[in-house]
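The values are calculated or read from the model by the stated rules, or taken from the named source; none is laboratory data. Keep in mind that what you see is a predicted model, and the values were worked out from it rather than measured. Because the Cβ atoms are built from the backbone with ideal geometry, glycine has one as well, and the counts that use them run over all protein chains shown. To get the accessible areas, we keep the full protein, side chains included, count just its heavy atoms, and leave off ligands, DNA and RNA. Shrake-Rupley method; radii C 1.70, N 1.55, O 1.52, S 1.80 Å.
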Amino acid sequence: MNQTCFPRITSKGLQRVWLAFFLTCLAFSALAAEEWIYTVKPGDNLWNITERHLTDIHYVRRLQQLNQINNPYVIPPGTRLRIPVAWTKITKDVQARVINVHGSVRITHPDQTVLPATNGMLLTAGDSIQCANDSFITVEFADQSRMRVQGNSSVRLDTLKIFGDYGLVDTLIRLEAGRTENSVPEESTGTRFRIQTPSAISSVRGTDFRVGTLDSHSATVNEVLKGVVEVNAVSENITLTGGFGTVTSIGASPASPVKLLQAPDLTGTSRYYESLPLVIHPAPLEGAQAYRAQIAIDSEFNSLWSEFVTTALPFRDGSIPDGHYWLRIRGIDGSGIEGYDAAIPFGLNAHPEPPFVIAPLPNGMTAAENQEFSWALQSEASHYAVMISQAADFSSVIYFNPEVKGNSITLPDTLAPGHYFWRIFSVSAHEGAGPFSDTMPFRVPYPGPLLEDTEINNDELIFAWRAPAEGQHFHFQFAQDAAFTQILHDEITTAARVTVAKPGGGTYYLRTKTIEADGFQGPWGSAQVIEVPRDIPYWLLMLMLLPLLVLI
């Protein structure tokens, strides 16, 4: 009896067979997972789809089985077909285009040539992007997907390919450090957009999402604003839908998804600023441990001007030119996941800056007459505008001069004693009118009252002046010298008269100033002079009378 001989399989050989089988299954699973979606158009069938996009016409039957198509010749338009990447032919490598650059961004080509990034520059696979602090670049890919690389970030364009007859645009980005903000159009079904970091890979179709590195690049943070992102690490895969985020540490599985923080409340945040640095006051957001703020020229935030992260409110930003901007703010939770954005437009008019004021200073006073206002010369200014009002909000204006050429003015009409406010702004030929200075209160003081009546008797001098207004009182000084260093009488009184002990005959000086109800003291009035008659000595009087006595 003939026996069929079979090779003898040892236990070690059996292990090798099982290992090969396992690896084959794993490879098949990986290939199966690498798919793209094709949307059937009018006139499409499995034959012409296979001819245009796949490497071999024999894939028609397998494509039919994979998608459970009954009739390969008649497929309803709009049908979405799953196509494995492994079956697809590579048509060509493609380029990406720089659409916006701000700050210092370098492009390093595979041959180590380093160039500064410029708008319109074309990038190819193998190019690296390095963004310095407070610098940004936005790159657009062949499928109109966009990636914004933020400050202090480094990325490499690993794969830029088109599969089939423009059936699939394949993009792989390696984020080495920093953060990216990404947008993949929902209608781009023929798109495979991936971002790989040291700890995870994010695969996307039709979504808005962000990817960043944390803790010295030892973890990856994913935030999905809209759509779906698949996050894979250590052979585990989780699906993030819009409104959720996750953190993936190196060597660990992605953490369970958490809800993104809601957008901050900006309803009470100012939309107009007149000074730098900007001081931005958003309402505190529950659950936020920090905040990210972005300032852009456009509402889509494609042209970023500034970006900063802070743990404290309010925000402050340094130097940006005057203009119209958009502000976008989001909260960051304790794990580093950033939430939804809130955005508002705002205007800035901080240039040219108002000049430094010399007189009157805030809460200062002017002269009682011929009031003068002065300030330092502003190098950017061609002229100045000065406004004076008795109302802090300048609802009524008593003086306005928009064409002051120098750095001082003397009012043509004297202001009456009382409380006033003034402000000034610079005007330049390039910037136009700058912001007003702070509103500065000042006073025109009541002058020291002039003497209206003086009485000299044997023992006293009596001085009288106008009656005080309500709450006013007066400071009176009487001295032997015009410099008031030898003061004989010093008195503060609410009365309109002062009595002084009569001094010896000679020239004396007196002055007064008004003290208002709130304690504010006006300037001393002009010194006034009085002559006190000298008394005739008794012996001189006797000598003068002696001739008369002899005649008698």
List the lysines whose alpha-carbon lies under 20 Å from that of K161, not counting same-chain residues fewer than 8 positions away? K89, K92
At a probe radius of 1.4 Å, what is the per-residue accessible area of K92, in Å² to the nearest 10? 90 Å²
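Mind listing which GluC sites (Glu not before Pro) in the stretch 182-278 are in a DSSP loop and have 13 or fewer other Cβ atoms within 10 Å? All intermediate terms of the calculation are to be shown ahead of the outcome.
Working: sites: E186, E187, E223, E230, E236, E274; in loops: E186, E187, E274.
Loop-located and lightly packed - E186, E187.
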Which far-off residues, 5 or more places away or on another chain, put their amide H under 5 Å from the one on M121, with H placed in the peptide plane? V98
Please arrange D393, D158, D56, D127 by accessible surface area, largest first, computed with a 1.4 Å probe and ligands excluded. D393, D56, D158, D127
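How do H383, H324 rank by accessible surface area computed with a 1.4 Å probe, from largest to smallest?
Values: H383 30, H324 160 Å².
Largest accessible area first, the residues go H324, H383.
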In Å and whole numbers, how far do the C-alpha atoms of the stretch 360-487 stretch along each principal axis, longest first? 75, 31, 22
Excluding ligands, DNA and RNA, the carbon-plus-sulfur percentage of the accessible area of the chain with a 1.4 Å probe reads 54 percent
If DNA, RNA and ligands are ignored and the probe is 1.4 Å, what is the ranking of D170, D438 by accessible area, most exposed first? D438, D170
Calc'd 3J(HN,Hα), the stretch 40-54, phi into Karplus 6.51 cos²θ - 1.76 cosθ + 1.60 (θ = phi - 60°), Hz, glycine/Pro = x, comes to 5, 10, x, x, 6, 9, 5, 6, 6, 5, 5, 5, 6, 10, 9
Taking a ≥ b ≥ c as the square roots of the eigenvalues of the Cα gyration tensor, with a/c under 1.5 meaning rounded and otherwise prolate when a/b exceeds b/c and oblate if not, the stretch 126-191 is prolate
Please compute the contact order of the chain in relative form: average sequence separation of alpha-carbon pairs under 8 Å and at least six residues apart, divided by the residue count, as a percent. 6 percent
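Scan the stretch 311-407 for GluC sites (Glu not before Pro) in coil per DSSP, keeping those whose Cβ has at most 16 other Cβ atoms within 10 Å, and list them by number.
On the way: sites: E338, E369, E372, E380, E403; in loops: E369, E380.
Qualifying residues, ordered by number: E369, E380.
Would you work out if the stretch 281-352 is rounded, prolate or oblate? Take a ≥ b ≥ c from the square roots of the eigenvalues of the alpha-carbon gyration tensor; rounded if a/c is under 1.5, else prolate when a/b is larger than b/c, oblate otherwise. Could you put the intermediate results ahead of the total?
Values: a/c = 2.35, a/b = 1.76, b/c = 1.33.
Prolate, since a/c reaches 1.5 and a/b exceeds b/c.
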Long-range amide H contacts for L261: which residues qualify at under 5 Å (H placed 1.01 Å from N, peptide plane, sequence gap of 5 or more or a different chain)? G339, Y340
So how exposed is L122, as accessible area in Å² (1.4 Å probe, rounded to 10)? 90 Å²
For the chain, list log₁₀ I(q)/I(0) at each q in 0.10 Å⁻¹, using the Debye formula over Cα point scatterers of equal strength and ignoring solvent, two decimals each. -0.97
Please list 3J(HN,Hα) in residue order for the stretch 492-504, calculated via the Karplus relation 6.51 cos²θ - 1.76 cosθ + 1.60 where θ = phi - 60°; whole Hz, with x for glycine and proline. 10, 9, 8, 7, 9, 7, 9, 10, 10, 4, 5, x, x
Under a 1.4 Å probe, counting only protein heavy atoms, S335 has an accessible area in Å², nearest 10, of 60 Å²
